[in-house]
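These notes are about the structure you will find just below.
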Amino acid sequence: MADAVIVVALLLTAASATAAVATRDPARQALVLAVLGLLLGVVFTVLQAPDVGLSQLAVGSALTPLLIMLSVRKVRRRGKEGDK
Amino acid sequence: MNGWILAATVLLTAGGGAALWGVATGPLSRRVVAQNLSTTVICPSLLLLAQGYGRTSYVDLALLLALLGPVGTLVFARLLADELTGDRPAAWGLTWTAAGVGAAVVLVLCAVTGPSRAMVKLLVIGALLISGNVVASRALSGGLRGVRDG
Amino acid sequence: MSRRLRLWLLGVGGAGLAALLVAACLDVPAFGRRSHPYGERAVRASLARHTANVVSSVNFDQRAYDTLGEMSILFAAVLGCVVLLRQAGDEHRADPRPAEVALPVRRYALLVLPVALVTGLYVIAHGQLSPGGGFQGGVVAATALHLLYLGADYRALERVRPTGVFEVTDSLAACSYLVLGLAGLLAGTAFLANTLLPYGTFNTLSSGGLVPLLNAAIGMEVASAVVVLLAGFLDQAVEIEREKGS
Amino acid sequence: MNVFPYLVAAWIFLTGCYGLVTSRNLIHAVGCLAVCQASTYVLLLAVGYRDNGTAPVFSDLKPGTRPLVDPVVQALALTDVVVGATVTALLLALVLQIAKRHGTVDPDELTELRG
């Protein structure tokens with residue numbers, strides 16, 4: 001029973017990882033990846049690794065989404081310029 | 001397993017599951033709202049877990065999330081502004097419900113902690129979480145109209 | 001290779017890998033077991049050197065050489081990004097149009113920016129005591145700076161962020177990690193050995209000997225690395241455009 | 001419960017691999033690689049976990065009062081989370097270069113360009 005929270009966190013992480021792969025549009029995938037990052041932070045907390053959790057929350061909540069969204073914007077703008 | 005961890009498990013199952021479902025399916029406007037909701041659900045559960053494990057140092061995780069979670073939502077509000085025009089997500093009911101849950105968790109934990117430095121930290125986290133959540137919702141529902149740099 | 005053939009290959013390979021992984025999982029020591037010989041020795045060594053956060057002690061003392069490797073990967077990745085994202089000959093810079101941001105969002109960003117910066121520094125400074133350290137705090141501090149882009153516009157960010165300075169800081173921080181390691185050699189012990197400084201009082205900011213210094217070097221390195229990285233991506237996404245007609 | 005976390009790590013890794021192979025957009029592929037990376041963290045921390053253990057951080061804990069989880073695997077995972085993010089950035093920079101040079105981010109179209 002004490003492990004219930006670990007099981008819940010792991011199941012949510014597995015589900016969000018599957019959703020991240022199944023979401024084919026990069027902008028929408030970035031949204032799922034942001035949630036995956038937070039859920040990984042929870043998994044690390046319940047596995048008693050607050051240091052790793054801090055690392056994951058710092059990277060996953062804002063940095064990775066920002067990098068991916070900037071790349072998406074650049075590629076789309078590139079496409080628009082090419083159409084002209 | 002104590003009551004705090006049980007509460008965190010329930011909050012995670014219900015809120016985390018709902019946020020995950022919302023972010024993985026449906027139109028873009030629903031997905032960004034769900035992403036914002038994920039911050040507001042996971043931050044209180046981290047606080048509950050810290051209390052349940054009896055480790056005050058775990059509170060730093062919630063502090064970090066309360067600071068950076070809304071920043072992540074602002075990133076999406078900013079860089080998806082073009083796609084969100086015309087389909088402005090407005091989920092104020094959900095936003096205030098989530099903020100209420102966060103405030104309730106923070107207040108209960110404050111009552112248990114008693115007046116001390118830890119309580120000040122909890123109150124700061126609560127204020128950051130709720131204001132961040134509300135501002136991020138505002139940004140999603142049209143606060144960044146007219147952002148056209150590129 | 002056709003798409004169909006590739007999917008077949010993936011199916012066969014994936015099934016084989018899955019079978020091997022499951023077989024391996026069944027043989028790994030059970031989850032939550034009692035004995036962790038390495039962990040217990042690491043905790044003892046960390047306590048002997050008065051470092052309260054054992055994870056930091058492993059990172060910056062017992063396995064400091066490994067962290068040097070990680071830092072070089074980080075440095076190389078940033079170098080690669082800077083080279084790949086530089087302005088090419090057929091591109092020019094267009095001034096981004098100023099953005100209109102709603103007042104509450106702008107106020108929030110300007111209010112949270114200093115709080116997030118201070119939190120980042122706090123996380124770095126308390127790395128040897130509570131959860132945290134240079135890697136996490138550096139990312140937080142660097143991300144905080146970009147609230148200026150989110151809450152105001154890109155030109156505001158460019159005014160407070162001279163990329164050149166951060167590139168130099170990045171290299172300086174990497175060098176200082178090496179120099180701190182070499183100091184051990186000069187003192188007659190080993191590279192990156194934690195023998196130079198007194199270990200201090202347990203659970204105070206100055207405890208742990210070399211750990212706080214290496215921690216600060218990594219914090220500086222990560223923070224400036226992330227700023228430089230994001231500068232490259234922001235330049236590409238917001239400013240740099242292809243010359244018309246090329 | 002003895003092997004469940006390991007199986008979750010294996011599942012995350014395999015889904016990430018599936019996404020990598022079937023991806024039609026290089027940015028999406030980089031995201032799938034990030035999912036693969038996540039599986040290694042879960043595996044490492046699961047190996048280091050101990051029932052009823054707590055984090056080996058003594059800022060708010062007296063040494064020797066509670067069982068501790070393994071700090072070595074945590075140190076490995078912690079550095080890799082941040083370094084992994086910069087490597088993701090490097091890959092995204094490569095994708096941007098490909099988009100500039102070839103005008104597409106679909107790996108299948110890239111193969112056709114070459115042949």
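Each of C:Val54, C:Gly181, C:Ala76 was placed along the dipole of region C:35-242 (beta-carbon charges, centred on the mean Cα), and the one lying farthest toward the positive end is C:Val54.
For chain D, the membrane-span-like helix rule (DSSP H, alpha carbon extent of at least 24 Å along the helix axis, mean Kyte-Doolittle at least 0.5) picks out D:4-22, D:26-48, D:71-102; this says nothing about an actual membrane.
Label the protein assembly as shown by shape, choosing from rounded, prolate and oblate, from the square roots a ≥ b ≥ c of the eigenvalues of the Cα gyration tensor; if a/c is under 1.5 it is rounded, and otherwise prolate applies when a/b is larger than b/c, oblate when it is not. Show your work: numbers first, answer last.
On the way: a/c = 1.31, a/b = 1.27, b/c = 1.03.
The shape class here is rounded.
Compute the relative contact order of chain D as a whole-number percentage, counting only Cα pairs closer than 8 Å that sit 6 or more residues apart in sequence. If you can, show how the numbers build up before the last one.
On the way: 100 pairs, mean separation 31.1, N = 115.
Once divided by the residue count of chain D, the mean separation gives 27 percent.
Its DSSP H runs of at least 4 residues, each contributing -39,500 (n - 2.57), put the calculated 222 nm mean residue ellipticity of the protein assembly as shown at -23500 deg cm²/dmol, to the nearest 500.
Only counting other Cβ atoms within 10 Å, I'd like B:Arg31, C:Arg159 sorted with the fewest neighbours first.
Numbers: B:Arg31 23, C:Arg159 10.
By the 10 Å Cβ count, ascending, the order reads C:Arg159, B:Arg31.
What size of dipole, in debye to the nearest 20, comes out for region C:35-242 about its Cα centre when the only charges are +1 on Lys and Arg C-beta atoms and -1 on Asp and Glu C-beta atoms? Write down the numbers at each step before the final one.
Numbers: 13 positive and 16 negative charges, 108 e Å.
Using only the charged Cβ atoms, the result is roughly 520 debye.
When +1 charges are put on Lys and Arg Cβ atoms and -1 charges on Asp and Glu Cβ atoms, the dipole computed for region C:9-98 relative to its Cα centre reaches about 380 debye.
Mean separation of Cα pairs under 8 Å and 6+ residues apart, divided by the residue count of chain A: what relative contact order is that in percent? Mind dumping the intermediate values first?
Details: 67 pairs, mean separation 23.8, N = 84.
RCO, chain A: 28 percent.
Roughly how tilted is helix B:59-79, in degrees to the nearest 10 and between 0 and 90, from the longest Cα axis of chain B? With rounding to tens, the tilt is 0 degrees.
Net charge dipole, region A:4-83: roughly 440 debye, given to the nearest 20, about the Cα centre with Cβ charges of +1 for Lys and Arg and -1 for Asp and Glu. The residues C:Phe166, C:Phe60, A:Phe44, when put in order of fewest to most other Cβ atoms within 10 Å, stand as C:Phe166, A:Phe44, C:Phe60. Here is what passes the span test in chain C: the DSSP H helices with alpha carbon length of 24 Å or more along the helix axis and a Kyte-Doolittle mean of 0.5 or above are C:3-27, C:64-84, C:103-125, C:163-186, C:211-234. With a cut-off of 16 Å, note down the residues of region D:19-55 whose backbone N falls inside the zone around a label point 7 Å from the Cα of C:Ile73 toward its beta carbon. Residues D:33-45 fall inside that zone.
Near C:Gly209: Cβ cut-off under 9 Å, other residues only, Lys/Arg at +1 and Asp/Glu at -1. The net charge is 0.
Applying 1/(1 + (r/R0)^6) with R0 = 30 Å to the Cβ-Cβ distance of D:Met1 and C:Leu7, what FRET efficiency is obtained, to the nearest 0.05?
Details: r = 35 Å, r/R0 = 1.16.
Result of the calculation: an efficiency of 0.30.
Peptide B:109-122 shows a mean partner chain C-beta count of 0 within 10 Å per residue C-beta.
Taking the simple approach of a point 7 Å from Cα along Cα-to-Cβ for both B:Ala118 and B:Ala103, what is their distance in nm? Here the modelled spin labels are 2.5 nm apart. In terms of its alpha-carbon gyration tensor, region C:7-80 comes out oblate; a/c meets the 1.5 threshold, while b/c is at least as large as a/b. Under the rule a/c < 1.5 gives rounded, and otherwise a/b versus b/c splits prolate from oblate, where does region A:1-75 land using the Cα gyration tensor? Because a/c hits 1.5 or more and a/b fails to exceed b/c, region A:1-75 counts as oblate. Summing charges over all other residues whose Cβ lies under 15 Å from the Cβ of C:Pro198, with Lys and Arg as +1 and Asp and Glu as -1, gives 0.
With an 8 Å cut-off on Cα pairs and a minimum separation of 6 or more residues, tell me the relative contact order of region B:3-143 in percent.
Computed over region B:3-143, the figure is 30 percent.
Membrane-span-like helices in chain A (whole DSSP H runs, Cα extent of at least 20 Å along the helix axis, mean Kyte-Doolittle hydropathy of at least 1.0): A:4-22, A:26-46.
For the pair region A:18-84 / region D:21-90, the C-alpha centres are spaced 16 Å from each other.
A short reminder: the numbers here are calculations on the coordinates, not readings from a lab. This one's a predicted model, so the numbers in the text were calculated from it and none came from an experiment. A quick note on method: Cβ atoms are made from the backbone with ideal geometry, for glycine too, and the neighbour counts reach across all protein chains shown.
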